[in-house]
1. Condition test on residue 121, is it polar (S, T, N, Q), more than 16 Å from the ligand (Cβ to nearest atom), modelled with pLDDT of 95 or more and over 23 Å from residue 55 (Cα atoms)?
2. Just name the residue that is farthest from residue 245 (Cα to Cα) out of those in the range 186-206 that are modelled with pLDDT under 95 and within 15 Å of the ligand (Cβ to nearest atom).
3. Looking only at the range 207-218, decide whether some residue is free of Cβ contacts under 8 Å to residues at least 24 places away in the same chain, within 16 Å of the ligand (Cβ to nearest atom), surrounded by fewer than 23 Cβ atoms within 10 Å (Cβ to Cβ) and assigned to a loop (DSSP other than H, G, I, E, B).
4. Tell me, which residue of the range 85-96 that is within 16 Å of the ligand (Cβ to nearest atom) and surrounded by 22 or more Cβ atoms within 10 Å (Cβ to Cβ) is nearest to residue 223 (Cα to Cα)?
5. Six or more apart or on different chains, Cβ under 7 Å: which pairs go from a residue in the range 36-57 that's over 18 Å from residue 254 (Cα atoms) to one that's assigned to a helix (DSSP H, G or I) and modelled with pLDDT of 95 or more? Could you list them?
6. Check residue 166 against each of (1) in contact with a strand residue (DSSP E or B) (Cβ under 8 Å, 6 or more places away or on another chain); (2) outside any helix (DSSP H, G or I) and name the one condition it does not meet.
Amino acid sequence: MTRFHGGGNEWPDYYDFSGTGNSLPPPRIIDKLLYEMIRRRWHTIRPEHSYTFYREKISELLAPFSVEPNEIVPVSGVSDALRLSFLIFKPKVVVVLEPCSGEHRELSRLFGAKYAPVTFNFEESICNMDLSKIESLSISYGDKKGLIVVSNPSNPAGCMYENRFFELLLDATPRNWLVFVNEVFGDYLDYSHSALSLHSERVVVARSFNKTLGLQGLRAGYIVAREKELVTKYDAVRDPWPISTLAAKLIEMLIEEEGLSGYRSFIERSKRSLETEKKYIYKMLTRASYRLYPSVAPYILIEHAWIKHSQIDLMLDKYRVRIRDASTYYGLSKNFSRIAVKTRSKNKVLTWALRQIAVESGIIVY
Ligand SMILES: Cc1ncc(COP(=O)(O)O)c(C=O)c1O
């Protein structure tokens, strides 16, 4: 197995903080809609290949960004969108703002593109970087097609890029370079910070409902591309049925029943709970000698200079807690881990277990 992802169902008896997602359970109506669809046996019906209604509903959801249905491409998720971008764009150089979650390294190797990591600073809640690094790359490779991959908010760092950054990035790079913005956690950004509001033909935004609605087992997402030719290409190479009938209909019905305001109010509730829980985790773990980086996302990057992740992992076993090894991300050492933010009862278990490790290691005393 060469692919590494957090979360999953490998540890059914554990408190699993290694995967990311919404800490709140999916809106209740989702269960009702799913039961109803199964009762009608919709899982036996093939999805409609053009996903016309799905695109219309997503366009309604994205009304604040004025996205037309014909600017939307259905995909199973952001990972699907990234793979398709390699297929249609055939970049010769892939500039990745690292550390960044995703399979861009493997894809670059597979597609024979040069993988060019550029690191950013994640000490503050706004990610920042010296654009001259990208400028010099674009001078070296300017005549070749380039794909810039950015995750906003950053995963694993948790900081976010402002739109001004993207404007400068577009100015600093050649016109034949495309910017792929991974907004799998884009719902956690304020509207004005989504790259959707850039309306640029050189920017492709990928989003999904998998994380924000907690539908990781169903999978439904979309790409927004403002350039017609790109949409046509994405549509030509995508899986004919990337989203199952159940998942597509669920999203359509959810938007129909709940409307934009219902969806937004669930997200706002999630954000409020996240803020409260993050404050609690910061307080508990900072006291215990962990360094926590500022995060606008439902996860936090933590640094523990006094212990390696592998040792923490072993020590956490007796508390039946799992956290994510962040050293698998480019540029991060063995002293980094990432924790998902969950609800209070679970966060108590996590912070207690991590504090115990600091005590057992002689870093703090009770
Ligand atoms: C930053 C980031 N991008 C993409 C993905 C995958 O997203 P999706 O489920 O929409 O394919 C993940 C999930 O682990 C992620 O953390």
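The values are calculated or read from the model by the stated rules, or taken from the named source; none is laboratory data. This structure is a prediction, so every number in the text was calculated from the model and none was measured. A quick note on method: Cβ atoms are made from the backbone with ideal geometry, for glycine too, and the neighbour counts reach across all protein chains shown.
1. Considered against the rule, which asks whether it is polar (S, T, N, Q), more than 16 Å from the ligand (Cβ to nearest atom), modelled with pLDDT of 95 or more and over 23 Å from residue 55 (Cα atoms), residue 121 comes out as yes.
2. 189
3. Among the residues of the range 207-218, at least one is free of Cβ contacts under 8 Å to residues at least 24 places away in the same chain, within 16 Å of the ligand (Cβ to nearest atom), surrounded by fewer than 23 Cβ atoms within 10 Å (Cβ to Cβ) and assigned to a loop (DSSP other than H, G, I, E, B), which makes the answer yes.
4. Per the stated criteria, the residue is 85.
5. Close Cβ pairs satisfying both conditions: 45/245; 46/245.
6. So residue 166 meets the others, but not (2).
Yes or no, residue by residue, for (1) away from the ligand (no atom under 16 Å from the Cβ); (2) modelled with pLDDT of 95 or more; (3) surrounded by 13 or more Cβ atoms within 10 Å (Cβ to Cβ); (4) more than 20 Å from the chain's Cα centre (by Cα):
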| position | (1), (2), (3), (4) |
| --- | --- |
| 10 | no, no, no, yes |
| 14 | yes, no, yes, yes |
| 19 | no, no, yes, no |
| 26 | no, no, yes, no |
| 31 | yes, no, no, yes |
| 37 | yes, yes, yes, yes |
| 46 | yes, yes, no, yes |
| 50 | yes, yes, no, yes |
